[in-house]
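For reference, the structure discussed in these notes is given below.
FYI, it's all coordinate maths here, none of it is from the lab. Everything quoted here is computed from the prediction, not taken from an experiment. Glycine also receives a Cβ, built like all others from the backbone with ideal geometry; neighbour counts cover every protein chain displayed.
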Amino acid sequence: MEDKTHTVRFEPVGIEIEVNESETILNAAFRQGIMLMHGCKEGQCSACKSFILDGEVDLDRYSTFALPDFEEAEGWTLLCRAHAYSDLEVELINYDEEVLHGGTPPRTVSTIVEAVEPLTADIWWLKLRPEEPLEFKPGQYVDIGIPGTDEHRSFSMANTDAETLEFMIKQYPGGRFSGLLADGSIKPGDTLEVTGPYGVFTLRQTSPRRLLFIGGGAGMAPILSLLRSMKESGSQREAAYYYGARSEADLFHLEELAGLPCGFVAALSEDSNGWGGETGLITDVVERLEGERDIADVDAYVCGPPPMVEAALPLLAALGVPEKRIYYDKFTTTGTADGGTS
């Protein structure tokens, strides 16, 4: 069967790409270096939701939580699930012109496992060495194939160089990938397939605004990558990093964080004997410490457990941060637990 090609034009940015019927519109954009807003890439998060102004698409299976039937009937679509069956005109609802043309086309590379070590009781450090350098922007993520299956899980890099890939991976009960780290099934010397890079959780380099990072758990990974890149470049941007954990045993990399270009504040949500730092939910700490200052002119980056992200977004909005300056990756956990970058 012939794989027909159609032209897709994105408005209001005036970008045109060629799309084969066999590929999704989002993957076609990636292939041509166009970095559209996206999250799960599996039709579950709505980050790539857009409006069809003209033309016909067919959708792969998706969640009606991301795209309710009545919205699909009105002309809304998910670019990660949509196949073009005619020339199209698509209105992008969420886009960032600074990153649109800055994409590195994703590719699949084989990697060798160099290290698997515990950071805490339920967060693992995984270090991979690609067979050839894999360029990425700090804050981005890759898909790692689960050995012996056609499935993958998405994890953000914590490092900055292309020679290695370092991850912080939360262990979930029943986790298809994290469980393999915990039980020793994935070990140094093994081979893992990695596809990427993906994601727009990257620093907007033209912005002079103060940076406000909020995170928790393994969500430290992309934020640490951003902070490490700022140190390497000698960035003078003012930054604060609020990190939430359950107990002192769940804190790690404290010495390095103290030397990075940010004011680092850790908060514990559970009682911890002798802890002299902040306590309570990290969003409550942010509200108390940032609420007395004008933070309308900041760039905010949020990454952590879904409940923390869901609490942080309305808080930042209430504190005056414009929605367009709040950056976060929309990820969902799968039925087998592992998911997202945290």
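With respect to the conditions (1) free of Cβ contacts under 8 Å to residues at least 40 places away in the same chain; (2) touching a His at 6+ places or on another chain (Cβ under 7 Å), D3 lacks only one, and its number is (2). Among the helices (runs of 4 or more DSSP H) confined to region 159-263, the ones with at least 1 residues that are in contact (Cβ under 8 Å) with a residue 60 or more places away in the chain, of a type in the set (K, R) and buried (at least 16 other Cβ atoms within 10 Å of the Cβ) are located at 220-233.
Give region 125-151 a look and list any residue that's surrounded by 21 or more Cβ atoms within 10 Å (Cβ to Cβ) and not in a loop (DSSP other than H, G, I, E, B), or say none. Quick ask: steps written out before the conclusion?
First pass over region 125-151, keeping only residues surrounded by 21 or more Cβ atoms within 10 Å (Cβ to Cβ): 126, 128, 134, 136-142, 144.
Selection gives L126, L128, Y141, V142, I144.
If we keep just the residues of region 1-45 that are outside any strand (DSSP E or B) and in contact with a Lys or Arg (Cβ under 7 Å, 6 or more places away or on another chain), which is nearest to E151 (Cα to Cα)? Filtering region 1-45 for residues that are outside any strand (DSSP E or B) and in contact with a Lys or Arg (Cβ under 7 Å, 6 or more places away or on another chain), the one nearest to E151 (Cα to Cα) comes out as C40.
Scanning region 81-100 for residues that are assigned to a loop (DSSP other than H, G, I, E, B) and crowded, with 16+ Cβ neighbours inside 10 Å, we see that the one that is farthest from the chain's Cα centre (by Cα) is R81. Residues in region 298-312 that are assigned to a helix (DSSP H, G or I) and among the small types (G, A, S): A311, A312. Of the numbered criteria (1) among the charged types (D, E, K, R); (2) within 17 Å of G199 (Cα to Cα); (3) without any contact (Cβ under 8 Å) to a residue 40 or more places away in the chain, the one D96 fails is (3).
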